[in-house]
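The values are calculated or read from the model by the stated rules, or taken from the named source; none is laboratory data. In this text, all values refer to a predicted model and were calculated from it rather than measured experimentally. For neighbour counting, all protein chains shown are included, and Cβ atoms are generated from backbone atoms with ideal geometry for every residue, glycine included.
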Amino acid sequence: MARYTGAVCRLCRREGQKLFLKGERCYSDKCSMARRAYAPGQHGQARTKLSEYGRQMREKQKSKRYYGVLENQFETYFEMADKMQGQTGSNLFKILESRLDNVVYRLGFAMSRPEARQLVRHGHFTVNGKKVNIPSFLVKEGNVIAIKEGSMDSEKIKAILESNESKVVPEWLGFDKKTKTAKINHLPAMDEIDFEVEEHLIVELYSK
């Protein structure tokens with residue numbers, strides 16, 4: 001599958017918000033947003049007033065980049081959300097949060113979503129006891145997520161777990177620190193997602 005391979009720090013600067021795409025670097029003084037909190041390019045520091053359409057596009061682009069999905073997949077998720085009961089915007093982010101790579105990141109099993117995606121592809125995690133190596137796999141309420149037997153001995157996994165020992169895991173994941181497993185208690189509502197986004201702008205964009 002195609003992936004963005006450019007400089008990811010430029011994405012954060014373009015959106016004017018940390019998207020936490022580079023793991024530990026995002027929490028350090030080396031973070032580009034901490035040093036240059038303006039859009040990249042020759043006119044990055046110029047003040048521009050966005051149109052309503054521009055605001056809608058920025059929210060969509062920011063969300064795509066935050067979760068690491070491309071245009072076609074994002075549109076597919078929106079169509080799924082639109083067919084579900086409830087508010088489309090909230091449904092959309094429930095779907096994005098339920099991606100396995102995002103869940104792995106939320107649990108502290110990876111330092112960033114790109115790293116979580118790589119670790120999932122390498123088969124380090126199980127869902128209900130079965131190995132799943134598809135980052136876009138959508139977990140459901142009641143699913144149990146765990147590190148695969150044998151992967152706990154990986155030096156990389158050990159280092160990540162040690163670094164993320166104090167990470168706060170969302171309550172909707174029902175994380176057991178001793179066994180390093182999590183049960184999906186429920187899919188999150190918008191107020192349980194620590195991502196600043198105006199989801200109604202995305203709904204308005206796709207409703208045109």
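Miscellaneous remarks
- Filtered by the rule that a residue be in a loop (DSSP other than H, G, I, E, B) and under 15 Å from residue 67 (Cα atoms), the stretch 111-138 gives 111, 112, 134, 135, 136, 137.
- With respect to (1) closer than 21 Å to residue 186 by Cβ; (2) surrounded by fewer than 21 Cβ atoms within 10 Å (Cβ to Cβ), the lone exception for residue 53 is condition (1).
- Residue 204 under 22 Å from residue 71 (Cα atoms), charged (D, E, K, R) and touching a residue at least 12 places away in the same chain (Cβ under 8 Å): yes
- Of the residues making up the stretch 116-145, just one is among the polar types (S, T, N, Q) and either at pLDDT below 95 or out of contact with any strand residue (DSSP E or B) (no Cβ under 9 Å at 6 or more places or on another chain) (or both), namely 118.
- Within the stretch 169-194, considering residues that are assigned to a loop (DSSP other than H, G, I, E, B) and touching an Asp or Glu at 6+ places or on another chain (Cβ under 9 Å), the one surrounded by the fewest Cβ atoms within 10 Å (Cβ to Cβ): 177
- So residue 68, is it outside the structural domain of residue 111 (by TED's automatic domain parsing) and in contact with a strand residue (DSSP E or B) (Cβ under 9 Å, 6 or more places away or on another chain): yes
- Answer from 89, 142 - the residue that is under 22 Å from residue 192 (Cβ atoms) and in the same structural domain as residue 169 (by TED's automatic domain parsing): 142
- Verdict on residue 146 being small (Gly, Ala, Ser), surrounded by 12 or more Cβ atoms within 10 Å (Cβ to Cβ) and not in a loop (DSSP other than H, G, I, E, B): yes
- Matching residues in the stretch 72-121 - criterion: being among the β-branched types (Val, Ile, Thr) and either under 28 Å from residue 178 (Cβ atoms) or touching a helix residue (DSSP H, G or I) at 6+ places or on another chain (Cβ under 6 Å) (or both): 88, 95, 103, 104, 120
- Cβ-Cβ under 9 Å pairs, at least 6 apart or on other chains, the stretch 154-173 side in the same structural domain as residue 112 (by TED's automatic domain parsing), far side in a loop (DSSP other than H, G, I, E, B) and loosely packed, with under 15 Cβ neighbours inside 10 Å: 165/177; 169/177; 170/194; 171/185; 172/185; 172/186; 172/189; 173/185
- Meets criteria (part of a helix (DSSP H, G or I) and either polar (S, T, N, Q) or closer than 30 Å to residue 160 by Cβ (or both)) for residue 104: yes
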